[in-house]
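Here's the structure, in structure tokens; my notes come after.
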Amino acid sequence: QYIKDLSFENPNSPESLTNKDGLPQINVDVNVFAKPLSKKLYEITLSINSKAIRKNLKIFELELAYAGLFSLPNNKLSDVLEKKVMLIEAPQLLFPYARSIVSNVTRDGGFMPLIIQPIDFELLYVSRMKKVTK
């Protein structure tokens, strides 16, 4: 497992560090990408992008690509099962580490830690498959 890319911006500091105008609106987007490296080896990347805005002022922006290498067993899995393992099970293993990084980076950036709620990667997978088949 490793950080593939990490960016944290606090472009309007020190003004953005004050809490005089209420709570910011925080958006979090999560995506999963699977890149085959060989017949049974994949790089799975969990992409987390977050932006906090308060009254048209960007408070912070965070981009994290957290990846891991995953190998499949030698026995033949169906394509559907292989996709499910790579796009559901693998990101579930990566998520706690990525979540911790997001929390630490936002805290170290001078804000309350951003704690991302647990993600249902199976629901994310089903949603993504519905978009692909339309």
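Observations
- Note that the chain presents 63 Å² accessible area per residue, ligands and nucleic acids not counted, probe 1.4 Å.
- Rounded accessible area of K40 (nearest 10 Å², 1.4 Å probe): 40
- Heavy atoms of S7 accessible to a 1.4 Å probe, total area in Å² rounded to 10: 30
- Solvent-accessible area, 1.4 Å probe, carbon plus sulfur percent, for the chain: 54
- Length gained when the stretch Q1-Q92 is fully extended (0.36 nm per residue, less Cα-Cα span): 31.5 nm
- Relative contact order %, the chain, counting alpha carbon pairs below 8 Å whose residues are six or more apart: 24
- The length gained on full extension between K131 and V80, counted as 0.36 nm times the residue separation minus their Cα-Cα distance, comes to 16.8 nm.
- Cross-link partners of K4 among aspartates and glutamates (Cα-Cα below 15 Å; sequence separation of 8 or more within a chain): E43, E63
- Solvent exposure of M129, expressed as accessible area, is near 50 Å², computed with a probe of 1.4 Å over the protein chains only.
- (1) 1.08; (2) 1.06; (3) 0.95, with the label sought being that of the calculated Rg/Rh (Cα atoms, Kirkwood Rh): (2)
- Stokes-Einstein diffusion coefficient of segment 45-100, Kirkwood radius over Cα pairs, 37 °C, 0.692 mPa s, in µm²/s: 242
- A cut-off under 12 angstrom between Cβ atoms defines the neighbours of N27, and their net charge, with Lys, Arg +1 and Asp, Glu -1, is 0.
The values are calculated or read from the model by the stated rules, or taken from the named source; none is laboratory data. Remember, it's a predicted structure, so these values are computed and weren't measured experimentally. Neighbour counts run over all protein chains shown; Cβ positions are idealised from the backbone, glycine included. Remember, those area values only see protein heavy atoms, side chains included, never the ligands or the DNA or RNA. Shrake-Rupley method; radii C 1.70, N 1.55, O 1.52, S 1.80 Å.
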